[in-house]
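Asker: Please find one structure pasted underneath; my questions will follow.
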Amino acid sequence: EATGEISSPSISYGETKSCFTVLQRDVNQVLSTTSFTCELRFTVVSVDSSGEELGDSYEEEYPLEDFEISTADFMAKVGVSDFRRSWESVGNGNEILEKFGLQFKNIEDAVTAVIDFLGMLPCDGTSTVKSGTGKPHMLHLSGVFVGGSTVLARAQIIMDGSAGVVLKIAVRSED
């Protein structure tokens, strides 16, 4: 829900400035990807070279690209010094295991997509795939979710000749 805005009082021709909309999240709702239609509303004022207004002003509206907020936008990319130790200390009390078939032609593209989709920080140099090994790639990710919960993920990404790229992922969090 939009609860406020920070507008720009004026923008002259050729300038770039920012304005913001403040959104409030309902903490009782499950987070999901959401799209917003965006529109820029402004008043056009003609001025002479001295900045003096010329004639009448008029209201204008300009449609912008839709804005999407995903679960990754609620994740801060926060590293851990020792992934394995952190993984063990979080424990498996709040762990989920899943397996997915991904529509990628190679492991490198799949690794990049998984990192982007989750919005987490790769650990221990695992974002780099050793090419030509034919072995599964192990990806370690860490982050802090909104509210301060540490989240860790171990993803095994495999190139399967018949199924394409397969992702096996385990995610653990403090709560």
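Asker: Taking 0.36 nm per residue of sequence separation and subtracting the Cα-Cα distance, how much length would be gained by fully extending the chain between residue 117 and residue 97, in nm to one decimal? List each step's numbers first, then the result.
Answerer: On the way: separation 20, 0.36 × 20 = 7.20 nm, distance 1.68 nm.
Extra length from residue 117 to residue 97 when fully extended: 5.5 nm.
Asker: Right, next: Which of 116, 160, 48 ends up with the largest GNM mean-square fluctuation for the chain, with Cα atoms connected below 10 Å?
Answerer: 48
Asker: Could you calculate, for region 10-156, the ratio of the Cα radius of gyration to the Kirkwood radius, expressed as Rg to Rh? Spell out each step's value before the answer.
Answerer: On the way: Rg = 23.1 Å, Rh = 19.7 Å.
For region 10-156, the value is 1.17.
Asker: Now for a different question. Enter the accessible area per residue of region 1-102 (Å², integer; probe 1.4 Å; all protein chains in place).
Answerer: Per residue, region 1-102 has 86 Å² of solvent-accessible surface.
Asker: Filter the GluC sites (Glu not before Pro) in region 49-110 down to the DSSP loop ones having no more than 10 other Cβ atoms within 10 Å, then list what survives.
Answerer: 52, 65
Asker: Suppose accessible area is computed on protein heavy atoms with a 1.4 Å probe; arrange 138, 75 from highest to lowest.
Answerer: 138, 75
Asker: Considering amide H positions built from the backbone, and no H for Pro or chain starts, which residues 5 or more places from residue 174, or on another chain, come under 5 Å of its amide H?
Answerer: Counting only residues 5 or more places away or on other chains, the set is 150.
Asker: Another question about this same structure. With everything on Cα atoms, drop me the angle between helix 107-118 and the longest principal axis of the chain, reported from 0 to 90° to the nearest 10.
Answerer: The answer is roughly 60 degrees.
Asker: Quick one: which residues, 5 or more positions from residue 78 or on another chain, have an amide H under 5 Å from its amide H? H modelled 1.01 Å from N in the peptide plane, none for Pro or chain starts.
Answerer: Amide H neighbours of residue 78: 121, 143, 144.
Asker: Kindly provide the trypsin sites (Lys or Arg not before Pro) of region 62-169 that DSSP labels as loop, not H, G, I, E or B, and whose Cβ sees at most 14 other Cβ atoms within 10 Å.
Answerer: 105, 130
Asker: Where the accessible area of the chain is counted over protein heavy atoms with a 1.4 Å probe, how much of it, in %, is carbon and sulfur?
Answerer: Solvent-exposed carbon and sulfur of the chain make up 49 percent of the total.
Asker: Then there is this: Please report the accessible area of residue 71 (heavy atoms, 1.4 Å probe, ligands and nucleic acids excluded) in Å², nearest 10.
Answerer: Roughly 60 Å² of residue 71 is accessible to a 1.4 Å probe.
Asker: Per residue of region 95-106, in order, report the coupling 6.51 cos²θ - 1.76 cosθ + 1.60 (Karplus, θ = phi - 60°) as ³J(HN,Hα) in whole Hz, putting x for Gly and Pro.
Answerer: Computed from phi, the couplings for region 95-106 are 10, 10, 10, 9, 9, 9, x, 10, 8, 10, 8, 8 Hz.
Asker: Further question on the same structure: Roughly how many Å is it from the Cα centre of region 1-29 to that of region 34-64, as a whole number?
Answerer: Distance between centres, Cα-based: 16 Å.
Asker: With respect to the cross-link table entries 77/135; 130/168; 17/77, which display a Cα-Cα separation exceeding 21 Å?
Answerer: Numbers: 77/135 27 Å; 130/168 18 Å; 17/77 27 Å.
Among 77/135; 130/168; 17/77, the Cα-Cα distance tops 21 Å for 77/135; 17/77.
Asker: For residue 105, list the aspartates and glutamates whose Cα falls under 20 Å from its own Cα; do not include residues on the same chain fewer than 8 positions away.
Answerer: Straight-line reach from residue 105, under 20 Å: 116, 160.
Asker: When the dipole is taken about the Cα centre of region 57-111, and only Lys, Arg (+1) and Asp, Glu (-1) are charged at their Cβ, what size is it in debye, to the nearest 20?
Answerer: It comes to approximately 720 debye.
The values are calculated or read from the model by the stated rules, or taken from the named source; none is laboratory data. Because the structure is a prediction, the values reported are computed rather than measured. Every residue, glycine among them, receives a Cβ derived from its backbone with ideal geometry; neighbour counts consider all protein chains shown. Quick note on the areas: whole protein, heavy atoms, side chains included, nothing else; ligands and nucleic acids left out. Shrake-Rupley method; radii C 1.70, N 1.55, O 1.52, S 1.80 Å.
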